[in-house]
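Below is one structure, written out as structure tokens; the observations come after it.
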Amino acid sequence: MTIVRSLGYCLALALASGLTGTAGAATLDLGKLIGAGKDLATAGTGIDEKQEVEIGREIAGRTLGATTAANGGRSALVNDPELQAYVNRVGRWIASQGERPDLPWRFGVTNDPTVNAFAAPGGYILITLGLYEILDTEAQLAGVLGHEIGHVVKRHHVTVMQKSAGVSAVAQLGQVAVQARGAARQDLFNRVIGTGAEIFARGLDKEAEFEADQIGVVLAARAGYSPYGLIEVLHKLAARGGSDESLALLFSTHPHPNERLQKLGEALEPRVPTLPAGQEPAIRQVSADVAPAPAARPTTRAAKPEAPAPAPAPSGGTGFGIPGFGSFPLRR
Amino acid sequence: MRFLGAAFFTILATLAMPVAAQQVVVEKDTELRGDASSTAPVVGKVAKGTNGEVTDKKGAWVNLKTTGATGWLFSFNVRFASSAAGGGGDGGAGTMNRLAGPRTNVSVTSTLGTRGLDKETLGNGVFDAEQMQLLDSYATTRDAAQAGATGAGLASASVAYLEAK
């Protein structure tokens, strides 16, 4: 009881520091705060879902901020509302096939020419325009989103945070951070996730990536897509190779695509005869005018009750998208 | 009507288009089958390191032609030639376009004019409240996503998770 009262005092201190705008964050004794709460029930069980969503939201917001900065101040999200609604429709449908269908899933295509995708805890998924543009089919998009959703379902980044800061520290810091404001909030979140969105620059361990690949294939198949979209994307990445600058960050944070193909192939091979063929719908094309509007402002419209169906692609190509290999007809 | 007719002939032309072969290397010793099926008869064998051409794909399978044999094998048992080996390795928009298969009209780097995210910019990321609000506005509900999928002809299937290897 004394411990709980003590933590309550520290919580109040943290909140007060945040609310006053605060220079007090720097002097906040986080060591005492963590120590005081070690016996709380949450210490042993990690963070709850609400905290996880808040932490993920902070990471996603920082990633968007980093993208805006990399774009010279232009908007982080691709200025194509129909495309964004489409990706949300596909992503939410795939997420519905997993164990955490009711998270507040958010999907966004970012104005980033590099080839990458990011999954923040709580259901925040970002895919770069550089990756989106090399996809040929909705099944390939499903494989990519399924992989990212797999990270969220398995709480891979939460595990990384807990390994780094300790299970109880993440739980308690997260609890305080989501209630704090201003500089105190940023300081507390930095203790949990590091500065900026550096958590995405560190990457996960190989096993987490292999696991997300296997989950991605299955979630795509459950959603009615060809299970092999992700395989095709991995072939594309492997063929581009590590010398491609647009893949530098991806290659530094993930196992080589050839290794991923090998591991995924080993797991898939005995299941191929029984997996459904699934569908390979055409992927929605990005608007011809993808250049983001300067100083784009959020719109006031509410979330669409129903996302529009994808427009048929002008070309009928699909396949691996490897040089000279793009003229297979769609097979549905 | 004229539009439909034109579309029909466009589709026919696409279907009739010759498939360009792609150079691959076989990744592991494997059997070749007469069709894209695990129950199709074995028509040959290829060893790891064998060079060949892939000329078609069906689901998990690709059709491989080598100097000694032709048949189907799992796509994850081949590796496609790298872009550098296959086309001069210019490293720029040209490489991206070739790799993008049929979507050859977009060069993202030149469109955006930036190099994009790297470790440093990620580490310096500051929360962007406006873009997060915009991201929120694009969200859809589970029910709406299901309705959209149904409208697109997608049906959910029962598929067990894979066993980790």
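In the range A:70-114, of all residues being facing another protein chain (nearest Cβ under 7 Å) and aliphatic (A, V, I, L, M), the one that is farthest from A:Lys154 (Cα to Cα) corresponds to A:Ala70.
Exactly one residue out of A:Thr137, A:Thr159, A:Thr114 is over 27 Å from A:Glu280 (Cα atoms) and hydroxyl-bearing (Ser, Thr, Tyr): that is A:Thr159. When the range A:69-98 is filtered for residues that are assigned to a helix (DSSP H, G or I) and under 15 Å from A:Leu219 (Cα atoms), the ones remaining, listed by number, are A:Arg89, A:Val90, A:Gly91, A:Arg92, A:Trp93, A:Ile94, A:Ala95. Of the helices (runs of 4 or more DSSP H) lying entirely inside the range B:1-115, those containing at least 1 residues that are at pLDDT below 95, out of contact with any Ser or Thr (no Cβ under 9 Å at 6 or more places or on another chain) and over 26 Å from A:Ile283 (Cβ atoms) span B:2-16, B:83-87. If you take the residues of the range A:115-150 that are closer than 17 Å to A:Leu234 by Cβ and of a type in the set (Ser, Thr, Tyr), which of them is nearest to the other protein chains (Cβ to nearest Cβ)? Here the residue is A:Thr128. Among the residues of the range A:302-319, not a single one is more than 7 Å from chain B (Cβ to nearest Cβ), at pLDDT 90 or above, in a loop (DSSP other than H, G, I, E, B) and buried (at least 17 other Cβ atoms within 10 Å of the Cβ).
Looking across the range B:133-152, just one residue is charged (D, E, K, R) and touching a Ser or Thr at 6+ places or on another chain (Cβ under 9 Å), and that is B:Arg142. Selection over the range B:148-165 of residues that are among the aliphatic types (A, V, I, L, M) and out of contact with any helix residue (DSSP H, G or I) (no Cβ under 9 Å at 6 or more places or on another chain) gives a count of 0. For the range A:49-64, taking the residues that are over 15 Å from the mean Cα position of the chain (by Cα) and farther than 14 Å from A:Val192 by Cβ, the one that is surrounded by the fewest Cβ atoms within 10 Å (Cβ to Cβ) is identified as A:Lys50. Of all residues in the range A:212-242, those satisfying the criterion of being assigned to a loop (DSSP other than H, G, I, E, B) and at the interface with chain B (Cβ under 7 Å from one of its Cβ atoms) are A:Ala223, A:Gly224, A:Ser226, A:Tyr228, A:Gly241.
The values are calculated or read from the model by the stated rules, or taken from the named source; none is laboratory data. Here the structure is a predicted model, which means the values were calculated and not measured. Cβ coordinates were reconstructed from backbone atoms using ideal geometry, including for glycine residues, and neighbour counts include every protein chain displayed.
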